[in-house]
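The values are calculated or read from the model by the stated rules, or taken from the named source; none is laboratory data. Values in this document were obtained by computation on a predicted structure and should not be read as measured data. Here the Cβ positions follow ideal geometry from the backbone for every residue, glycine too, while neighbour counts run over all protein chains shown. Areas reflect the complete protein model, heavy atoms only, side chains present, ligands, DNA and RNA absent. Shrake-Rupley method; radii C 1.70, N 1.55, O 1.52, S 1.80 Å.
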Amino acid sequence: MSRQPLRLAVLEAQRILTDAGVESPRVDAELLAAHLVGVPRGRLPMVPLVDPSVVEALRLLVSRRAKRVPLQHLTGTAPMGPIDVAVGPGVFIPRPETEVLLTWGLAALDGVTQPLVVDLCTGSGALALAVAHARPDAQVHAVERDPLALSWARRNADMRAAAGDTPVVLYSGDVADPGLLVALDGMAHLVLCNPPYVPLGAALPPEVAWHEPSAAVFAGDDGLAVIPDVVRTGTRLLCEGGSIAIEHDDSHAEAVPALLAARRVLTDVADHVDLAGRPRFATARRATMISPQLSPHPG
Ligand SMILES: C[S@@+](CC[C@H](N)C(=O)[O-])C[C@H]1O[C@@H](n2cnc3c(N)ncnc32)[C@H](O)[C@@H]1O
């Protein structure tokens with residue numbers, strides 16, 4: 001059979017996705033086509049004609065996307081800053097808003113050589129692996145409670161290590177465990193965490209409600225079932241001057257900074273917005289103790 005215009009197949013895909021209520025039908029149609037022909041989305045116009053088998057493969061992917069299977073489950077990857085990680089059923093898909101937290105964390109490491117970094121609730125490993133990529137001198141540790149998510153993190157860690165990044169140390173663990181990573185107490189220059197934080201019962205799009213692990217998304221009636229443990233564990237792990245950043249629901253712009261401010265050893269508590277301008281993560285720094293001999297004379 002003769003080759004067919006890709007542009008027409010993409011237009012048809014866009015129409016089907018629009019009818020299915022997909023939020024960004026044109027972008028998704030183009031990304032699925034780009035995935036199939038193996039070019040970046042911006043280079044699709046360079047591929048005017050494709051084999052009928054490509055059109056058929058696009059039709060199949062589009063029919064699954066129309067059933068609200070997440071785009072990233074169909075392409076198999078999601079970006080986090082400078083890297084892509086593999087994702088699929090059983091693991092949370094990294095979100096663009098978390099890249100703002102990553103950027104803040106990397107800036108907090110400016111001037112620190114050979115930093116020790118901990119990513120709590122690592123999921124696919126996205127944050128930990130992006131830090132390891134950006135800071136080859138860092139020693140990065142990452143914790144995940146769910147075995148299936150941890151298997152995705154291991155797969156991603158192996159892929160990044162094979163690509164030349166410094167290996168990340170992965171742990172099966174619970175942030176609520178008082179013994180978690182005790183060997184690293186007082187040693188972390190940076191603790192990052194994107195925990196579950198959506199209040200139970202919140203309305204979510206089908207992509208999330210039907211296809212993402214609920215333990216990665218929801219955290220009790222108020223969405224704050226996990227963050228207090230993150231604050232407690234993260235504070236314990238920080239070295240003096242070390243920084244912590246915790247992502248939160250946009251309704252928690254006061255609650256999460258308050259949890260950080262309640263720890264006497266933390267200072268410089270602040271809240272930050274995401275790319276859409278919504279409150280998205282809270283940060284703090286572990287205070288530096290001034291030794292009594294060096295402190296200024298009280299008089
Ligand atoms: C919102 S996902 C974030 C994953 C990843 N950090 C990211 O940004 O893509 C939260 C992750 O925390 C894990 N998790 C939930 N409760 C936990 C706990 N108590 N201890 C450790 N991990 C937990 C979930 O299994 C899930 O993988």
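Worth a mention:
- When the charge dipole of the chain is built from unit charges on Cβ atoms (+1 for Lys and Arg, -1 for Asp and Glu) and taken about the Cα centre, the candidate among M187, A287, L266 whose Cα reaches farthest toward its positive end is M187.
- Degrees, to the nearest 10: 227-237 long Cα axis against longest axis of the chain: 60 degrees
- When nucleic acids and ligands are ignored and a 1.4 Å probe is applied, R3 ends up with an accessible area of around 130 Å².
- Where labels lie 7 Å past Cα in the beta-carbon direction, separation of S2 and D268 in nm: 6.6 nm
- Net charge dipole, the chain: roughly 640 debye, given to the nearest 20, about the Cα centre with Cβ charges of +1 for Lys and Arg and -1 for Asp and Glu.
- Percent antiparallel among DSSP beta bridges (both partners in the chain, rounded to 5): 45 percent
- Accessible surface ranking that places the most exposed of H73, H189, H248 first, with a 1.4 angstrom probe: H189, H73, H248
- Across I244, I16, I93, mean-square fluctuation computed from a Gaussian network of the chain (C-alpha pairs under 10 Å connected) peaks at I16.
- The chain - mean residue ellipticity at 222 nm from DSSP helices (-39,500 (n - 2.57) per run, n ≥ 4, rounded to 500): -11000 deg cm²/dmol
- GNM remark for the chain: springs join alpha carbons under 10 Å apart, and the peak mean-square fluctuation among S151, S243, S53 falls on S53.
- Å² per residue, accessible surface of region 11-134 at 1.4 Å: 43 Å²
- Going by accessible surface with a 1.4 Å probe and the largest first, W152, W210 read W210, W152.
- Here the peptides 75-82, 224-231, 34-41 are ranked by packing, the mean other Cβ count within 10 Å, and the order with the highest first is 224-231, 75-82, 34-41.
- Percent of C-alpha pairs per 10 Å bin, region 75-286, short to long: 9, 38, 40, 12, 1
- The alpha carbon centroids of region 136-151 and region 1-79 are separated by 33 Å.
- Between A163 and D137, the FRET efficiency estimated from the beta carbon spacing at R0 = 22 angstrom works out to 0.80.
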